[in-house]
Amino acid sequence: MAANCSASGRSARVWIFDLDDTLHNASAHIFPVMNRTMTKYIMDHLTLDETAAHQLRQHYWRIYGATLKGLMRHHGTSPHHFLEETHKFLDLPEMVLEVKRLRHTLQSLSGRKLVFTNAPKSYAMRVLDILGISDCFELVFSVESTKFHAKPSVRGFQMLLKTIKVKASDCTMLEDSLPALMTAKRLGMRTIWVSKKLQKPNFVDYRLSEVLALTHLKL
């Protein structure tokens, strides 16, 4: 039987992990399907052609950091229905790429560990189960947990901090999204950008090409 991954040791440090494109590569197989599904949802529910729906989805993504926020604000879209329809992924086990040594990397971190994602809870738990790391985290704080104040909204971050009862300065956030890291830094968190890009903005404390590189970072 595998060792329990969630043992936190005595460290007061809190590790906050984004899910998609941080803990695993969602861009390879999941995001292309999700983007098409979201565009189709907008076509069907707002009676738009594919080009207009695609442009609106990207527009809301740029402005709000989440397509759903724009749809809720401007069109009264039901968030639960939208998330259910766009995250079904019947063949998700074939779409999630295995990350070797990920469990070992998480086990090596001293402190509390949690996931903070703009994805719905059911999808996040499925991905974590497929990756074999769901027991590594004491909490999965999903978009429902934020009452749909998705990252990079400061309200979602504040709700997370209130839920886990810690100061922002005790937290280290790992993310692929720079707007989310900017919010984290403004609140006082330490920030780690998971990206292949070499240039990092000044609100990013560290840049890693992948989460596995955490084991080489002296924090």
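For the range 95-105, the candidate set comprises residues that are in contact with a Ser or Thr (Cβ under 9 Å, 6 or more places away or on another chain) and part of a helix (DSSP H, G or I); within that set, the residue that is surrounded by the most Cβ atoms within 10 Å (Cβ to Cβ) is Thr105. Taken over the range 122-168, the criterion of being farther than 24 Å from Gly65 by Cα and either aliphatic (A, V, I, L, M) or touching a strand residue (DSSP E or B) at 6+ places or on another chain (Cβ under 7 Å) (or both) is satisfied by Ile130, Leu131, Ile133, Cys136, Phe137, Glu138, Val166.
Quick grid of which residues meet (1) in the same structural domain as Trp193 (by TED's automatic domain parsing); (2) without any contact (Cβ under 8 Å) to a residue 40 or more places away in the chain; (3) not polar (S, T, N, Q):
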{"residue": "Leu19", "(1), (2), (3)": "yes, no, yes"}
{"residue": "Lys40", "(1), (2), (3)": "no, yes, yes"}
{"residue": "Thr47", "(1), (2), (3)": "no, yes, no"}
{"residue": "Thr77", "(1), (2), (3)": "no, yes, no"}
{"residue": "Pro120", "(1), (2), (3)": "yes, yes, yes"}
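With respect to (1) under 23 Å from Val143 (Cα atoms); (2) surrounded by 15 or more Cβ atoms within 10 Å (Cβ to Cβ); (3) at pLDDT below 95, the lone exception for Ala53 is condition (3). Is it true that Glu144 is under 29 Å from Ala53 (Cβ atoms), in contact with a helix residue (DSSP H, G or I) (Cβ under 9 Å, 6 or more places away or on another chain) and either surrounded by fewer than 18 Cβ atoms within 10 Å (Cβ to Cβ) or of a type in the set (Lys, Arg) (or both)? Yes: the conditions hold for Glu144.
Restricting attention to the range 190-218 and to residues that are of a type in the set (Val, Ile, Thr) and surrounded by 14 or more Cβ atoms within 10 Å (Cβ to Cβ), the residue that is nearest to Leu109 (Cα to Cα) turns out to be Val211.
When the criteria are applied in full, Thr163 meets the requirement of being surrounded by fewer than 16 Cβ atoms within 10 Å (Cβ to Cβ) and in a helix (DSSP H, G or I).
So, in the range 135-161, how many residues would count as being among the charged types (D, E, K, R) and within 26 Å of Ile63 (Cβ to Cβ)?
Total meeting the criteria: 4.
Looking at Gly70, Gly111, which is the one that is over 17 Å from the mean Cα position of the chain (by Cα) and farther than 29 Å from Ser169 by Cα? Lay out the reasoning, then the answer.
Details: Gly111 fails: farther than 29 Å from Ser169 by Cα.
Exactly one residue qualifies, and that residue is Gly70.
For Ala119, the conditions (1) touching a strand residue (DSSP E or B) at 6+ places or on another chain (Cβ under 7 Å); (2) surrounded by fewer than 18 Cβ atoms within 10 Å (Cβ to Cβ); (3) in a loop (DSSP other than H, G, I, E, B) are fulfilled apart from (2). The listed residues are Val204, Val127, and the only one of them that is in a loop (DSSP other than H, G, I, E, B), of a type in the set (Val, Ile, Thr) and at pLDDT 95 or above turns out to be Val204. Output the residues belonging to the range 71-94 that are part of a helix (DSSP H, G or I) and surrounded by fewer than 19 Cβ atoms within 10 Å (Cβ to Cβ). Within the range 71-94, Met72, Arg73, His74, His75, Pro79, His80, His81, Glu84, Glu85, Leu92, Pro93, Glu94 meet the criteria.
Looking at the range 35-48, is at least one residue assigned to a helix (DSSP H, G or I), of a type in the set (Phe, Trp, Tyr), buried (at least 18 other Cβ atoms within 10 Å of the Cβ) and touching a Leu at 6+ places or on another chain (Cβ under 7 Å)? Steps first, please.
Restricting attention to the range 35-48, the residues satisfying the condition of being assigned to a helix (DSSP H, G or I) are 35-46.
Narrowing the set further to residues that are of a type in the set (Phe, Trp, Tyr) leaves 41.
Applying the additional criterion that residues be buried (at least 18 other Cβ atoms within 10 Å of the Cβ) yields 41.
Filter again for touching a Leu at 6+ places or on another chain (Cβ under 7 Å), leaving none.
Checked the range 35-48: no residue is assigned to a helix (DSSP H, G or I), of a type in the set (Phe, Trp, Tyr), buried (at least 18 other Cβ atoms within 10 Å of the Cβ) and touching a Leu at 6+ places or on another chain (Cβ under 7 Å).
The values are calculated or read from the model by the stated rules, or taken from the named source; none is laboratory data. None of the values given here were measured: they were computed from a predicted structure. Cβ coordinates were reconstructed from backbone atoms using ideal geometry, including for glycine residues, and neighbour counts include every protein chain displayed.
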